[in-house]
Amino acid sequence: MNELLITKQIQETLLKIVSHEDNPVIVFIYIDTSTDENREIVPFLNIYASLIFDGANFDEAIKNAVDNCNSGYIEDVLQDIDSSSFEINLSVFYPDWPDEVEIGDQKILNILNLFVNKNQDKFNLIEKLYFDYVDNFDFVKIIDKSNTKN
């Protein structure tokens, strides 16, 4: 596949997820690895949309997760409502995976930022949209409306 086809797949999947009827407020976009059809380990883009449980404080959960390197703090305050897991193969953006990731990361971030900016009306209910690698806590904040509590 080429970059344009994968870009379109990312955009369509993200739009479908943020448009879920339950109106997600938190979206995580992670790069994770799995094997492809050739049994090679490759990067995939996974997207998870959630609501915050009543009475939970997402900002505090993020801080605790980062401080303790434990995603359980985040999972404890979120109700998953939609996702796309291991459907978007990113090999085209990372031809020298895992040795060269910076260029691929920048391309993915550019795709996400441009898409969100061009479709702000579709993202108006999203309070947080973060990009990262799975099990990493160095989130890139694409949307970050302050003080997310429920």
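Listed here are the residues, each with its yes/no results for (1) closer than 27 Å to Asp121 by Cα; (2) within 18 Å of the chain's Cα centre (by Cα); (3) touching a residue at least 24 places away in the same chain (Cβ under 8 Å); (4) surrounded by fewer than 19 Cβ atoms within 10 Å (Cβ to Cβ).
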| site | (1), (2), (3), (4) |
| --- | --- |
| Asn23 | yes, yes, yes, yes |
| Val27 | yes, yes, yes, no |
| Ser34 | no, yes, yes, yes |
| Ile47 | yes, yes, yes, no |
| Phe58 | yes, yes, yes, no |
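Residue by residue, here is whether (1) part of a loop (DSSP other than H, G, I, E, B); (2) at pLDDT below 95; (3) over 14 Å from the mean Cα position of the chain (by Cα) holds:
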residue: Glu100; (1), (2), (3): yes, yes, yes
residue: Asp105; (1), (2), (3): no, no, no
residue: Leu109; (1), (2), (3): no, no, no
residue: Asn113; (1), (2), (3): no, no, no
residue: Asp121; (1), (2), (3): no, no, yes
residue: Ile126; (1), (2), (3): yes, no, no
residue: Asp138; (1), (2), (3): yes, yes, no
residue: Ser146; (1), (2), (3): yes, yes, yes
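Please go through region 1-17 and give me each residue that is polar (S, T, N, Q), in contact with a helix residue (DSSP H, G or I) (Cβ under 9 Å, 6 or more places away or on another chain) and not in a loop (DSSP other than H, G, I, E, B), ordered by number. Correct list: Thr7, Gln11. Comparison of Asp32, Asp67 shows that the only residue that is in contact with a strand residue (DSSP E or B) (Cβ under 6 Å, 6 or more places away or on another chain), charged (D, E, K, R), under 17 Å from Asp138 (Cα atoms) and at pLDDT 95 or above is Asp32. The single condition from (1) surrounded by fewer than 15 Cβ atoms within 10 Å (Cβ to Cβ); (2) of a type in the set (Gly, Ala, Ser); (3) touching a residue at least 60 places away in the same chain (Cβ under 8 Å) that Ser85 fails is (3). Looking across region 18-58, the residues that are outside any strand (DSSP E or B) and among the small types (Gly, Ala, Ser) come down to Ser19, Gly55, Ala56. When Tyr73 is tested against (1) in contact with a strand residue (DSSP E or B) (Cβ under 9 Å, 6 or more places away or on another chain); (2) touching a residue at least 12 places away in the same chain (Cβ under 8 Å); (3) farther than 16 Å from Tyr133 by Cβ, just one condition goes unmet, and that condition is (1).
Checked against (1) farther than 27 Å from Lys107 by Cβ; (2) in contact with a strand residue (DSSP E or B) (Cβ under 6 Å, 6 or more places away or on another chain); (3) polar (S, T, N, Q), Ser91 passes all but a single condition, namely (1).
Does Val42 count as touching a Ser or Thr at 6+ places or on another chain (Cβ under 8 Å), crowded, with 17+ Cβ neighbours inside 10 Å and at pLDDT 95 or above? So Val42 fits the description; yes.
Here Ile108 meets the list (1) surrounded by fewer than 16 Cβ atoms within 10 Å (Cβ to Cβ); (2) in contact (Cβ under 8 Å) with a residue 60 or more places away in the chain; (3) within 14 Å of Ile10 (Cβ to Cβ); (4) of a type outside the set (S, T, N, Q) almost entirely, failing just condition (1).
The values are calculated or read from the model by the stated rules, or taken from the named source; none is laboratory data. Note that this is a predicted model, so its numbers are computed, not measured. Cβ coordinates were reconstructed from backbone atoms using ideal geometry, including for glycine residues, and neighbour counts include every protein chain displayed.
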